[in-house]
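Scroll down for the structure; my scribbles are underneath it.
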Amino acid sequence: MKYDISFIIPCFNCEKCIKKTIESIAHQSHTLRYEIILIDDGSSDETLECLKEISNQRHDFPVHVLSQKNSGPGSARNRGLTIANGEYILFVDADDLLLEKY
C-alpha cells in the first residue's frame, strides 16, 4: 500500500520516551495516510521489546519494527528507507514530540 507519509524513527536506548513520540504522531490533526517505521539500533535496554509491544497494539496506521547492530542514526534511517512506502519521508528522533498540527 502507498502512504502519504512514512515516519522513520531510529531508536537507541529510548524505552522511556518512544511511546510518547508515537502518541504525538498518532494525535495529528491531518487526515493523511501514514506508516511508522521504527529501527532499533542495537539498544542495550528494553527498547526492542518496547517497539515490538507498540507494533502489536491496534493502531489506525501500520507500525514496522526493524532491528540492526549499532551503526548510528544515519544507518538506521537508511535502513528505514528500504521499506518506506510513503510519497514523503519524515525523519523523527525517538525523543521528539510533534505538535498536533505538525
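The values are calculated or read from the model by the stated rules, or taken from the named source; none is laboratory data. Given the structure is predicted, the values throughout are model-derived calculations rather than measurements. We place every Cβ from the backbone using ideal geometry, glycine too, and count neighbours over all the protein chains shown. Note: accessible area is taken over every heavy atom of the protein model, side chains too, but ligands, DNA and RNA are not part of it. Shrake-Rupley method; radii C 1.70, N 1.55, O 1.52, S 1.80 Å.
Does L51 satisfy being closer than 19 Å to G86 by Cα, outside any loop (DSSP other than H, G, I, E, B), in contact with a Cys (Cβ under 9 Å, 6 or more places away or on another chain) and open to solvent by less than 40 Å² (accessible area, probe 1.4 Å)?
no
Give the residue that is farthest from D4 (Cα to Cα), with candidates limited to residues of the stretch 79-90 that are without any contact (Cβ under 8 Å) to a residue 60 or more places away in the chain and loosely packed, with under 15 Cβ neighbours inside 10 Å.
Per the criteria, the residue is T82.
Could you check how many residues of the stretch 54-72 are more than 19 Å from C17 (Cβ to Cβ), part of a strand (DSSP E or B) and small (G, A, S)?
0
Of the numbered conditions (1) of a type outside the set (D, E, K, R); (2) under 15 Å from Y102 (Cβ atoms); (3) open to solvent by less than 30 Å² (accessible area, probe 1.4 Å), I37 fails exactly one; give the number of that condition.
(2)
From (1) over 26 Å from K101 (Cβ atoms); (2) touching a residue at least 40 places away in the same chain (Cβ under 8 Å); (3) of a type in the set (A, V, I, L, M, F, W, C), pick out the condition that doesn't hold for V65.
Among (1) over 26 Å from K101 (Cβ atoms); (2) touching a residue at least 40 places away in the same chain (Cβ under 8 Å); (3) of a type in the set (A, V, I, L, M, F, W, C), V65 violates only (2).
Please state which of the following conditions S75 fails to meet, knowing it meets all the rest: (1) among the hydroxyl-bearing types (S, T, Y); (2) within 24 Å of K101 (Cβ to Cβ); (3) more than 12 Å from the chain's Cα centre (by Cα); (4) outside any loop (DSSP other than H, G, I, E, B).
Of the numbered conditions (1) among the hydroxyl-bearing types (S, T, Y); (2) within 24 Å of K101 (Cβ to Cβ); (3) more than 12 Å from the chain's Cα centre (by Cα); (4) outside any loop (DSSP other than H, G, I, E, B), the odd one out for S75 is (2).
From the list S29, S44, S24, which residue is open to solvent by 30 Å² or more (accessible area, probe 1.4 Å), touching a residue at least 12 places away in the same chain (Cβ under 8 Å) and within 18 Å of L90 (Cβ to Cβ)?
S29
Identify all residues within the stretch 1-42 that are closer than 19 Å to Q57 by Cβ and touching a Pro at 6+ places or on another chain (Cβ under 6 Å); write none if there are none.
Passing the criteria: E35, I39.
For L90, state whether it is closer than 11 Å to D41 by Cβ and in a strand (DSSP E or B).
No, not satisfied.
Take the residues in the stretch 11-21 that are touching a Ser or Thr at 6+ places or on another chain (Cβ under 8 Å) and open to solvent by 10 Å² or more (accessible area, probe 1.4 Å), then tell me which one is nearest to S55 (Cα to Cα).
Filtering the stretch 11-21 for residues that are touching a Ser or Thr at 6+ places or on another chain (Cβ under 8 Å) and open to solvent by 10 Å² or more (accessible area, probe 1.4 Å), the one nearest to S55 (Cα to Cα) comes out as E15.
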